[in-house]
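The values are calculated or read from the model by the stated rules, or taken from the named source; none is laboratory data. As the structure is a computational prediction, the values presented were derived from the model and not from experiment. Neighbour counts run over all protein chains shown; Cβ positions are idealised from the backbone, glycine included.
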Amino acid sequence: MSFVVLPSFEVEEANLDAFLAAARADAAQSLANEAGCLQFDVFVDRAAHPTRVMFYEVYADRAAFDAHLETPHLAAFRDSLHLCAEGPVQFFDRVAP
């Protein structure tokens, strides 16, 4: 059973490009450098809510997510959090692919 994390962020339109660049970099580094990171998508609903950014992160287990929290690329991403208001983070156990 994998571990799913769904964070959300509200980003000012003027900051959206910079925030998305930071989010893409974190996602790419997570996938490239973390064996326990199985999927990391960054998405926006451009029609209904174009400044709400969400992540869909899938990890092998909770321990893999906890390891992600200690990575240098996540620390670099956290430097971009001044560009947004953090929304809720939801956690799930994935029971089917």
What pairs come out if I take residues in the stretch 38-54 that are touching a residue at least 60 places away in the same chain (Cβ under 8 Å) and at negative phi and pair them with residues that are of a type outside the set (S, T, N, Q) and crowded, with 17+ Cβ neighbours inside 10 Å whose C-beta lies under 8 Å away, six or more apart or interchain? none
Failed item in (1) under 15 Å from residue 81 (Cβ atoms); (2) buried (at least 17 other Cβ atoms within 10 Å of the Cβ), with residue 12 passing the rest: (2)
Within the stretch 52-78, restricting to residues that are closer than 16 Å to residue 12 by Cα and of a type in the set (A, V, I, L, M, F, W, C), the one that is surrounded by the fewest Cβ atoms within 10 Å (Cβ to Cβ) is 54
Inside the stretch 2-20, can you point out the residues that are in contact (Cβ under 8 Å) with a residue 40 or more places away in the chain and either of a type in the set (Lys, Arg) or over 16 Å from residue 66 (Cβ atoms) (or both)? 6, 8, 9, 10, 11, 12, 15, 18, 19
Residue selected from the stretch 1-41 under the condition of a type in the set (D, E, K, R) and farther than 15 Å from residue 78 by Cα, by the criterion nearest to the chain's Cα centre (by Cα): 41
The stretch 18-51: number of residues that are within 27 Å of residue 96 (Cα to Cα) and either surrounded by 16 or more Cβ atoms within 10 Å (Cβ to Cβ) or modelled with pLDDT of 95 or more (or both): 21
